[in-house]
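The values are calculated or read from the model by the stated rules, or taken from the named source; none is laboratory data. What you see is a predicted model, and the numbers here were worked out from it, not measured in a lab. No Cβ is skipped: glycine too gets one built from the backbone with ideal geometry, and neighbour counts run over all protein chains shown.
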Amino acid sequence: MRVTLSLAMITTSLVAFSAGTASAEQITFVSQGGAYQEAQTKAILDPVAKLLGITVDQDSAPDAWPVVKTQTATGKPIWDVIDTPTKDCVRGGEQGMIEKLDFSQIPNAASMPAAYKTPYSVAYEFYSSVLAFNKKKFGDKGPQTWADFWDVKTFPGTRALRNHPLATMEAALLADGVPADKLYPLDVDRAFKKLEEIKPHVTVWWTSGAQSAQLLADGEVDMEMAWNGRVSAVAKEGAPVGFTYNQGFLQFTSLCIVKGAPNLATAVKFVNAAMTPEIQANFPAYIDYGPGNPAAYATGKISKERAAQMPSSPENAAKQVLVSTEWWSSPAGEEAQKRWAAFIQK
Amino acid sequence: MSSTSIDPSRAHESRERRLTLMLLAPALSVVVALLVVPLCWLVWQSVRQDGGFTLAHYARFLHDDVYWMAFLQTFRIAFVVTAATVLLGYPVAYLAAGSSRRTSLLILAMVVLPFWTSVLVRAYAWLILLQRRGLVNGALSDLGVIDHPLILVNNEFGTVIATIHILLPFMVLPLYATMQKIPRELTMAGASLGGTPLHVFLRVFLPLSLPGVVAGMVLVFVLTLGFYITPELLGGGRTYMVSMLVSRNIELYNEWGAASSISIVLLLCVFAIFRLASLLIPFERIMGAR
């Protein structure tokens, strides 16, 4: 947090400085830091800066939400565009902290599926919660569905799930036989009932992505739900780990603009440029997360082999469930989140 | 003596008081700015919602089981950790206090050394030791003691072990400070009057060392109440302490007040603990003033 704040302060002074000296347009872009943001710098930010002839200043926050809340409360935000879970764009928009997007200014998003857009946000990159397993334990006959994950007789072994209801409840319902296209609105009671069933067999309810990777790498668990990028990173390091996109849960972070952003007009131009199919197609070259704009797969920049590894490629997307941000930010979704802690503790 | 006449000793006294206040001013203003003001802000936030007054953030203590379970688990862990650090720390402090200067320095260095390693690193170290395919389970199964790996981590047990490790110095140091000040002549006198070593320890040394024990217990207990990283990494998701409730509420209720109210209640618990402890031992002694 302290780092974030000081970064924010540096950014402010930079903004003040450049506003006073240069006439070139610039924006402040915020993402979650680490390898993920570095990959974006090369894949998206630098090309966009070159395309538009603007300067893209960067800041990072593991959780942008509280910072956006504080910045907009002061009435003088210093951030322009943020890359954040879609849910925060939507609830931020409803609470007057996020600008409504004028899609006529964002033609690159026109052909994107409606489910990838909200009035406040546009899908930026995709990741997936997948079923991962230890190949040494299961060979090539690893669990392929959530019903397999719940089947402790055919697939004995230790298990881990994320300590969060999102995607976990969807998995429980699929395991219980709910068809993928009938998941939403989620049957919360049924999901918790099914989760009670697997609870005694869950060794760890993980909280951070790093933790989920460590559990797989050290063989602490034989199977778990984890984010595809984390699993493939573990596999790259040589651990005997496999995963399937079958019944995976497709999720995306979105771009949205902070309400009252200091460089609003440039920010809108930036969002449009960042959705350019050719620029979006750079994502797979740097990181295992998929482009938000499906048109990127038609540019020819992404090889067939690479596309097969991407969570958002049309073939993989077809096997998966798109997590409904709308449901999760509805009162029922928030109620489910409140119930989660009680379920874990009891 | 009339009040108008100048009393040199009195004038001196008031000058000294002014000087003390002046010297204190920088430190006081830092405390006020960095502690008192934010604390008042915290209280203010805990009774606000949508720009109005509310007790909703406190009302959740009454009807949300999660709150009670989190406090219950936190206090249970704090009790176990405190008891364990007393049992483990007392002999170490006793040995350090009764040894030559060099030996006691060595013992204290060994106690304090891990203290300088990051809590995060130590949590991961415990993970490597305690997990299913970790060193402890590996050694035990190699020796044929166990068939199936023991579940030593990703639960409350693992959390407690790592917390004990982190907080042991906070027990040993006040114990050592107290024991060092116990005149050895007293135990010698006890022995010369015919007391067995055990008898002398129980009747003379132990009672005199109790202020140190209480000081260490209060420190360890209170510090455990605020633990976050350790239970988060080693608790396997099931260990749910109050600090985690605070962070969950920020995400869940989207209101600082929902988190502030928990912090305030926890703070009141800490005050209550200090008050109880000060009934046993004066507060200055707990804080190690004498």
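Of all residues in region B:85-96, those satisfying the criterion of being within 17 Å of B:V214 (Cβ to Cβ) and either among the polar types (S, T, N, Q) or in contact with a Ser or Thr (Cβ under 9 Å, 6 or more places away or on another chain) (or both) are B:T85, B:Y90, B:A93, B:Y94. Criterion applied to A:A235, A:A210, A:A191, A:A171 was being in a helix (DSSP H, G or I) and surrounded by fewer than 17 Cβ atoms within 10 Å (Cβ to Cβ), and the one residue passing it is A:A210. The set of residues from region B:235-257 being under 18 Å from A:E335 (Cα atoms) and at pLDDT below 90 comprises B:S247, B:R248, B:N249, B:I250, B:E251, B:L252, B:Y253, B:N254, B:E255.
Being in contact with a helix residue (DSSP H, G or I) (Cβ under 9 Å, 6 or more places away or on another chain), in contact (Cβ under 8 Å) with a residue 40 or more places away in the chain, in the same structural domain as A:A115 (by TED's automatic domain parsing) and buried (at least 22 other Cβ atoms within 10 Å of the Cβ) is a description that does not apply to A:Y297. Residue-level check: of (1) over 30 Å from A:I279 (Cα atoms); (2) assigned to a loop (DSSP other than H, G, I, E, B); (3) modelled with pLDDT under 95, A:S111 misses just (1). The residue list A:D187, A:D222 contains one member that is among the acidic types (D, E), on the phi < 0 side of the Ramachandran plot and within 14 Å of chain B (Cβ to nearest Cβ), which is A:D222. Checked against (1) at pLDDT 95 or above; (2) in a helix (DSSP H, G or I), A:F126 meets all criteria but (2).
Within region A:40-72, the set of residues being within 22 Å of A:D288 (Cβ to Cβ) and either among the basic types (K, R) or not assigned by TED's automatic domain parsing to the domain that holds A:N282 (or both) comprises just one member, A:K42. Counting the residues of region A:326-346 that are over 22 Å from A:S254 (Cβ atoms) and more than 7 Å from every other protein chain (Cβ to nearest Cβ) gives 5. Does region B:271-290 hold any residues that are over 15 Å from B:L173 (Cβ atoms) and modelled with pLDDT under 80, and which are they? Of everything in region B:271-290, those that are over 15 Å from B:L173 (Cβ atoms) and modelled with pLDDT under 80 turn out to be B:I281, B:P282, B:F283, B:E284, B:R290. Every test in (1) touching a residue at least 24 places away in the same chain (Cβ under 8 Å); (2) surrounded by fewer than 20 Cβ atoms within 10 Å (Cβ to Cβ) is passed by A:T74 save one, and that test is (1). Annotation for region A:153-175: no member residue is away from chain B (no Cβ under 14 Å), among the acidic types (D, E), free of Cβ contacts under 8 Å to residues at least 40 places away in the same chain and out of contact with any helix residue (DSSP H, G or I) (no Cβ under 7 Å at 6 or more places or on another chain).
Screening A:V268 on (1) part of a strand (DSSP E or B); (2) under 30 Å from A:G96 (Cα atoms); (3) among the β-branched types (V, I, T) shows it passes everything except condition (1).
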